[in-house]
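The structure appears below as structure tokens.
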Amino acid sequence: MRSLSISKLQFLLLPFLTFLWVASADHHEDFLQCFHSQNSNSISKVIYTPINSSYSSVLQFSIRNGRFNTSATPKPLVIVTPLNVAHIQAVIACSQKHGLQIRVRSGGHDYEGLSYVSVLPFVVADLINMRTVTVDVGNKIAWVQAGATLGEVYYRIAEKSRTLAFPAGVCPTVGSGGHISGGGHGMMMRKYGLAADHIIDVKLIDVKGRILDRASMGEDLFWAIRGGGGNTFGVVVAWKLELVTVPPTVTVFNVTRTLEQNATKLVHQWQSAIGKFDEDLFSRIFLSRVNTSQEGKTTILAVYTSLFLGGVDRLLSMMQQSFPQLGLVKEDCIEMSWIESTVYFAQFPRNTSLDVLLDRSPGSTVSFKGKTDYVKEPIPEIALEGIWERLNQLDALVAQLQFTAYGGKMDEISETSIPFPHRAGNLFQIHYAVFWGDQDSERSQIYTSWIRKLYSYMTPYVTKNPRQAYINYRDLDLGMNTLGNTSYKQARIWGTKYFKNNFDRLVHVKTKVDPANFFRNEQSIPPLSSW
């Protein structure tokens with residue numbers, strides 16, 4: 001049975017939800033009194049309700065998807081921007097006491113808005129003030145608070161060393177709390193694996209308000225939070241990162257090819273070539289429809305984007321052996337430091353100051369819908385041509401596919417090492433995305449319908465039993481928890497797609513640490529007591 005979107009679920013449950021929101025009006029006053037009783041000296045600095053003039057700006061600042069920034073989107077009764085652990089403990093305690101859901105937001109990039117949206121009355125704990133990054137160069141470690149963005153993490157590491165780094169994602173405004181808890185792949189994963197593979201300790205507040213580290217929480221819970229999905233087991237306050245070594249000089253390139261430049265055959269050949277790539281090379285293809293120089297005509301553009309952990313001469317030699325068809329030449333390549341490459345891949349102009357990594361402002365917010373797949377066998381050329389046909393059907397701001405090469409270190413780590421299961425045997429991941437510039441509901445339906453049809457078309461060419469997906473690109477189309485208790489059978493529909501066989505172990509950890517299912521949302525792991 002096809003899952004319901006949040007908006008459809010709201011419509012069907014409108015009478016019930018209206019009752020809950022009216023009844024909760026008193027509850028939010030009770031919540032405020034409760035919070036004040038535990039933090040009387042600082043409440044005015046961290047509490048925002050709809051009557052505050054700054055409430056809307058605080059809420060909207062970290063909303064990255066315009067689909068969830070409409071007048072119809074449910075809003076939190078209270079936003080708390082904690083300054084310390086005691087504030088988070090109070091949010092957890094008072095939310096439980098007065099029957100409110102809790103959402104925890106570190107960067108606001110959740111694809112389905114679940115870090116700041118709920119169909120039930122809720123409170124948002126926005127960790128924007130908890131973003132300290134402390135780097136220990138000698139021991140090659142860093143403590144990072146969950147509200148720190150990836151850009152802030154990269155910047156603070158580079159302040160101390162240009163040959164230390166952390167293998168995480170591309171977008172600098174993504175919050176480290178959610179990114180790492182879902183695994184966190186990025187430009188160095190073929191060399192070093194995921195962000196979550198390099199977590200060596202943590203500070204987490206559990207449902208009882210206890211501050212736990214790796215030793216006190218035990219290895220089962222420590223396993224679960226490194227890839228098991230955000231906010232399912234508690235609130236991560238800080239991660240202890242194991243840093244990795246990078247050379248003083250890395251090489252980057254963006255090489256473009258159109259259909260007229262043999263793009264179809266090159267994309268097909270890339271799929272076989274990536275297995276020969278050195279683990280120092282990360283490779284991704286962006287696929288989209290673009291206008292040509294001839295008025296009214298379009299074509300398909302393939303952009304080959306790569307980071308190589310080394311100099312240009314070794315890269316050219318390696319590419320000549322593994323993928324000569326691309327025709328990479330020295331003029332296509334740029335040598336720079338690793339920290340400069342993080343700015344480059346975030347698509348800022350050359351020579352942009354590194355300070356841009358500290359900028360958390362979202363800029364213009366667009367609406368989007370994303371989905372993912374994994375591929376184990378090369379997609380044939382005729383199927384690629386079917387993708388081009390579907391890209392040509394849509395008049396959107398951007399419709400794009402990303403093919404992200406796996407392999408290398410990812411093949412060497414067991415799929416049960418942490419909950420992230422997408423390891424050996426995967427050639428690449430597909431990320432589908434469609435962006436549009438307004439919040440018109442009719443246009444939203446057109447675009448979401450289009451991406452679902454494209455996803456359906458791809459069924460024969462991607463993983464099966466289960467058809468896999470990446471939890472950090474959350475997709476409610478795969479299944480949703482219903483209001484109230486959710487059965488194991490229902491949750492397993494989407495759980496196996498994200499976690500494969502690891503889902504069963506995650507359920508057992510959840511049952512142990514949160515049997516009443518306080519930390520839950522429309523797609524969170526339920527305890528066994530729920531079914």
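The values are calculated or read from the model by the stated rules, or taken from the named source; none is laboratory data. Source: prediction; values computed, not measured. All Cβ positions, glycine included, derive from the backbone under ideal geometry; neighbour counts span all protein chains shown. In case anyone asks, the SASA skips ligands and DNA or RNA and just uses the protein heavy atoms, side chains included. Shrake-Rupley method; radii C 1.70, N 1.55, O 1.52, S 1.80 Å.
Structure data summary
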quantity	calculated
Rounded, prolate or oblate (a/c below 1.5 giving rounded, otherwise prolate when a/b exceeds b/c) for the stretch 171-330 by Cα gyration tensor	prolate
Sequence of 61, 420 when ordered by accessible area, the most exposed leading, probe 1.4 angstrom	61, 420
Integer Hz, Karplus 6.51/-1.76/1.60 couplings in order for the stretch 448-458, x for Gly and Pro	5, 5, 4, 5, 5, 5, 4, 4, 5, 4, 7
Coordinate range along principal axes, alpha carbons of the chain, Å, largest first	67, 55, 44
Overall form of the stretch 480-530 per C-alpha gyration tensor (a/c, 1.5; a/b vs b/c)	oblate
Table column - 3J(HN,Hα) (Hz), the stretch 237-252, Karplus curve with 6.51, -1.76, 1.60, x for Gly and Pro	8, 7, 10, 9, 9, 8, 7, 10, 8, 10, x, x, 10, 10, 10, 10
Folded to 0 to 90 degrees: helix 312-322 orientation relative to the chain principal axis, Cα	80 degrees
Net charge, residue 242 excluded, C-beta distance under 13 Å - Lys, Arg +1, Asp, Glu -1	+1
Fully extended contour minus Cα-Cα distance, from residue 216 to residue 58, at 0.36 nm per residue	53.4 nm
For residue 104, distant residues with modelled amide H under 5 Å away	125
Whole-Hz couplings from phi, Karplus 6.51/-1.76/1.60, listed for the stretch 151-164; x for Gly and Pro	x, 5, 4, 4, 4, 5, 5, 5, 4, 9, 7, 8, 10, 10
Structure-based [θ]222 nm, the chain - -39500 (n - 2.57) summed over DSSP H runs of at least 4, per residue, nearest 500	-9500 deg cm²/dmol
Residue 372 long-range amide H proximity, modeled H, under 5 Å	432, 470
Relative packing of peptides 280-293, 180-193, 304-317 - highest average C-beta neighbours within 10 Å first	180-193, 304-317, 280-293
Amide H contacts of residue 201 (H built 1.01 Å from N, under 5 Å, at least 5 apart or other chain)	240
Charge dipole magnitude, Cβ of K and R +1, D and E -1 - the stretch 257-356, Cα centre, debye nearest 20	420 debye
Under 17 Å from the Cα of residue 75 - lysines, other chains or at least 8 residues apart	8
Among the listed pairs 160/203; 265/369; 376/464; 330/409; 203/371; 208/510, those beyond 19 Å (Cα-Cα)	160/203; 265/369; 330/409; 203/371
Compactness relative to 2.2 N^0.38 Å, alpha carbon Rg of the stretch 283-411	1.25
Sequence ranges 118-127, 44-53, ranked by mean other-Cβ count within 10 angstrom, highest first	118-127, 44-53
